[in-house]
Amino acid sequence: MKADNQIQIESKAFAIRIIKLYKYLKENKQVYVLSKQVLRSGTSIGANVRESVNAQSRMDFINKLSIALKEANETEYWLELLHESDVLDDTQFESIYNDCGKLAATLTKIIKTTKSGAEK
């Protein structure tokens, strides 16, 4: 994996958005528990993508990205809870939720492509 690849760039940018969301939720909405959950899972996506760069094998690479995908799915869940409990309005929710979905879709594609390459 190249050091400047798109999934690294996008997952890091998403983590920064999540950190800003965390600050907003804590300071303006006094939402502490859910804000910590979304912070943990949302920043973990990029951390696992970064770990995949130095994977020891193709399977290790797939495993790291699979963990990142699981964290993206968990982040979607926390975002849904924040939206459905009226902490986030539609505009706030849709923007960050869509970005998370795009990350999940990209991770899924990379994992499938890597697996199919391993089978050849």
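Relative contact order for the stretch 1-116: what percent, with Cα pairs under 8 Å and sequence separation of 6 or more? Relative contact order here is 27 percent.
Across the protein chains, with a 1.4 Å probe defining accessible surface, the residues LEU39, LEU65 rank LEU39, LEU65 from largest area downward. Comparing the stretch 1-45 with the 2.2 N^0.38 Å rule of thumb, its C-alpha radius of gyration ratio is 1.32 (two decimals).
When only C-alpha pairs under 8 Å and at least 6 residues apart count, what is the relative contact order of the stretch 53-120, in percent? Could the numbers behind the result be given before it?
Working: 32 pairs, mean separation 29.3, N = 68.
Reported relative contact order: 43 percent.
The alpha-carbon of LYS12 sits under 20 angstrom from the alpha-carbons of these lysines, leaving out residues fewer than 8 places away in its chain: LYS2, LYS20, LYS23, LYS36, LYS64, LYS70, LYS102, LYS109.
Across the options TYR22, GLY42, GLN56, the greatest Cα extent toward the positive end of the charge dipole of the chain (unit charges at beta carbon of Lys, Arg, Asp, Glu) belongs to GLN56.
Taking every protein chain into account, the accessible area of the stretch 1-77 amounts to 58 square angstrom per residue (probe 1.4 Å).
With all protein chains in place and ligands, DNA and RNA left out, the 1.4 Å accessible area ranks GLU76, GLU94 as GLU94, GLU76, largest first.
What's the long-distance tail for the stretch 25-79, i.e. % of Cα pairs beyond 12 Å? Walk me through the numbers before you get to the answer.
Values: 947 of 1485 pairs.
Result for the distance tail: 64 percent.
In order along the stretch 80-96, the Karplus-derived 3J(HN,Hα) couplings, from 6.51 cos²θ - 1.76 cosθ + 1.60 at θ = phi - 60°, round to 4, 4, 4, 6, 5, 9, 6, 7, 9, 7, 4, 5, 4, 5, 4, 4, 6 Hz, and Gly and Pro are given as x.
The values are calculated or read from the model by the stated rules, or taken from the named source; none is laboratory data. Keep in mind that this is a model prediction, so the values were computed, not measured. Note that each Cβ is placed from the backbone with ideal geometry, even for glycine, and that neighbours are counted across all protein chains shown. SASA here: full protein model, heavy atoms, side chains in, ligands and nucleic acids out. Shrake-Rupley method; radii C 1.70, N 1.55, O 1.52, S 1.80 Å.
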